[in-house]
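Data block below; observations after.
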Amino acid sequence: MQAAMPAKSGQTEANVVALAADQASEELNWVRLAQGADTFAFEKLYRANVDRVYGLCLRMTGNVSEAEDCVQEAFIQAWNKLDKFRGDSAFGTWMHRVAVNVVLGRMRKARREQDRIRAVSDVAPPMETIADDGELRDLEQAINELPSGARHVFVLHAVYGYSHGETGDMLGIAEGTSKAQLSRARRLLVQQLDEVSDEQE
Amino acid sequence: MNRNDDNNFDDELMAKAARLSKPVVPKRDLWPEIEQVISAPVVRERSAWNTVWAQAAAVILLVGGSSGMTYMAMSGDGDSTVPIIDAHTQLVFEPVSGSFGSQYFLGPDYQDAHRVVSDNLNERLADLSPEAREEVLANIETIRRAIDEINRALAEDPGNVLLQELLIDTYRDELSVMKKVDSISNNAMYRSDI
């Protein structure tokens, strides 16, 4: 029984790798079809990636309706510049880059329309809680309260696992700035979570 | 909390962050609105500049071709004594509210010259052969269509200096063709070698 375990584990691992390769290959096929203006293929890509893109947009913007708008704009932009996707990275990673650009672009625009946005944010509902676990829910809430620079770095690096180089590249900041923002985010999060913990006690 | 506690808490924080679910399901289906946008027929906006340049290019061809053909039609009898029209006739725009969409119109000097030459042209056309007359009228008509085209382009882009200059040149071409017809007819009438 014990002797069979490594073989079974090895098989499972091989199956996972094969499945991932199949999925990547299938996704590339959808991309090729979508590049030929096939909206059905693009819908497949949308369905396969929307949850991850939405998760990123929601955490970066901290607002449900803004995140929905960002997702829609990101996929529309992706459709329009799909010919520029050469498959050097996974489609999901490329979509994340597009989405980050959309979020940053909209934030820059929002800053120019500060008064209007302030009026909207006054009535905008708070971000939905997206984690079930109590501790994780507190963390989500604390992330949402971070200043935007620190929040973006923390979300991309700590939640989505991008390196500081990739994070800096996506946000248009230096790698060192990404590290500094992460450090700031951690410090602020620790403070906030301490406060929450004190309140609960 | 000492430094070790800090580090532990920090590591714990990063571990928790990594455990946060990456995908989050949107509350509503966002696809229909995306589909609506990407399925809409692509209407490429023509830039105003493209339109202006295309019109300018068309006008240059029209005027150049028309003037050339008129010259060829009129000089077909080998008369090399046709005087060259003064290419520097002073034509200036004067602001006139409401004219051709922009705020410019050609000044009274041009209007006077145009009226005189136009009257002469009508008289001289009668002296031309039917073929030459048809050719001249067709080409003057082409130049006038070009003037209309430039006026329309100027209505969209009133401050365009290139178009303003082109309009002056085209008016000058019209004047030049009409004067050429006039002088050729005069020469034909007063030739001493026949």
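The values are calculated or read from the model by the stated rules, or taken from the named source; none is laboratory data. Since this is a predicted model, take the numbers as computed values, not measurements. Reconstructed Cβ throughout: ideal geometry from the backbone, glycine too, with neighbour counts over all protein chains shown.
Among the residues making up the stretch A:32-78, those that are buried (at least 20 other Cβ atoms within 10 Å of the Cβ) and farther than 25 Å from A:N144 by Cβ are A:A34, A:F42, A:L45, A:Y46, A:A78. Regarding A:A48, is this residue in the same structural domain as A:D88 (by TED's automatic domain parsing), closer than 27 Å to A:A158 by Cβ, touching a Cys at 6+ places or on another chain (Cβ under 8 Å) and not in a loop (DSSP other than H, G, I, E, B)? The answer is no for A:A48.
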